[in-house]
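Structure first, commentary second.
The values are calculated or read from the model by the stated rules, or taken from the named source; none is laboratory data. Fair warning: this is a prediction, and the values are worked out from it, not measured in the lab. A quick note on method: Cβ atoms are made from the backbone with ideal geometry, for glycine too, and the neighbour counts reach across all protein chains shown.
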Amino acid sequence: MSDPVKVLVCDDQALIRTGFATIIDAQPDLEVVGECGDGRAGVELARELKPDIVVMDVRMPVLDGIEATRQLAGAGVADPIKVLVVTTFNLDEYVYEALRAGASGFLLKDAPPSQLLHGIRTVAMGAALLAPEVTRQLVGRYAARIRPTDDDTPADHALTPRELEVLRLIADGLSNSEIAATLVISQETVKTYVSRILTKLDLRDRVQAVVYAYRNGLVT
């Protein structure tokens, strides 16, 4: 049996923090290794305990969840830790900022426990939690902020024509099965292409791939 996924819970409301921890610890494949009530403590504990994933609130004292996420999973972090942002606030701005900071997923606190557990497992496996079409709508809404300016130098993405094609389809919001149908290839082949793209571009998940595609002018 493989080792359980190690989870750090970071939320300033003790009742919610305890509730999350109880739900998570009840699963045989998940283990809560720590809890904390503010972003700074979350960053420090995460660096000390090396969890597989941090469940992170947005609005917290000392350091908010967005900045804490940026310090743990943002661009340039040497040893990034996966972050699942969970909040009461269903604001596009929060979702956008959380994903830009490096979060791999986003959930609302009123989601049922099954969704929280699914989110943790999904992010732990290296996948983005947002459905492709949600990713498309979200990033598309803020695309003007991340599209290249005239001063930007085109990125040397080193992708093959086929990989570029797959990346564009990811950014268009297509799932693996839809990409497979569009290109008339197997889903396993699509998974291989997606893995190569993420590795070549040093991206963590599909959300980052979508942002990359917009930022480098690969999607119009």
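Some notes on this structure:
- Selection within the stretch 47-82: residues that are outside any loop (DSSP other than H, G, I, E, B) and within 23 Å of residue 112 (Cβ to Cβ). The member of this set that is farthest from the chain's Cα centre (by Cα) is 65.
- Restricting attention to the stretch 171-182 and to residues that are without any contact (Cβ under 8 Å) to a residue 40 or more places away in the chain and out of contact with any Leu (no Cβ under 8 Å at 6 or more places or on another chain), the residue that is farthest from residue 72 (Cα to Cα) turns out to be 181.
- Among the residues of the stretch 50-75, those that are on the phi < 0 side of the Ramachandran plot and surrounded by fewer than 15 Cβ atoms within 10 Å (Cβ to Cβ) comprise 61, 75.
- Within the stretch 195-208, if we keep just the residues that are crowded, with 22+ Cβ neighbours inside 10 Å and among the hydrophobic types (A, V, I, L, M, F, W, C), the residue that is nearest to the chain's Cα centre (by Cα) turns out to be 207.
- Options 9, 85: the member that is at pLDDT below 95, in a strand (DSSP E or B) and not assigned by TED's automatic domain parsing to the domain that holds residue 203: 85
- Total residues in the stretch 46-104 satisfying the condition of being among the basic types (Lys, Arg), out of contact with any Lys or Arg (no Cβ under 8 Å at 6 or more places or on another chain) and free of Cβ contacts under 8 Å to residues at least 60 places away in the same chain: the figure is 3.
- Members of the stretch 167-182 that are crowded, with 16+ Cβ neighbours inside 10 Å and either touching a Lys or Arg at 6+ places or on another chain (Cβ under 8 Å) or closer than 12 Å to residue 210 by Cα (or both): 167, 169, 170, 171, 172, 173, 174, 176
- Odd one out for residue 185, checked against (1) free of Cβ contacts under 8 Å to residues at least 60 places away in the same chain; (2) assigned to a helix (DSSP H, G or I); (3) surrounded by 14 or more Cβ atoms within 10 Å (Cβ to Cβ): (2)
- Which numbered condition residue 188 misses (of (1) over 28 Å from residue 115 (Cα atoms); (2) modelled with pLDDT of 90 or more): (1)
- When the test is whether a residue is under 21 Å from residue 126 (Cβ atoms), at pLDDT below 95, surrounded by fewer than 23 Cβ atoms within 10 Å (Cβ to Cβ) and not assigned by TED's automatic domain parsing to the domain that holds residue 208, residue 78 passes it.
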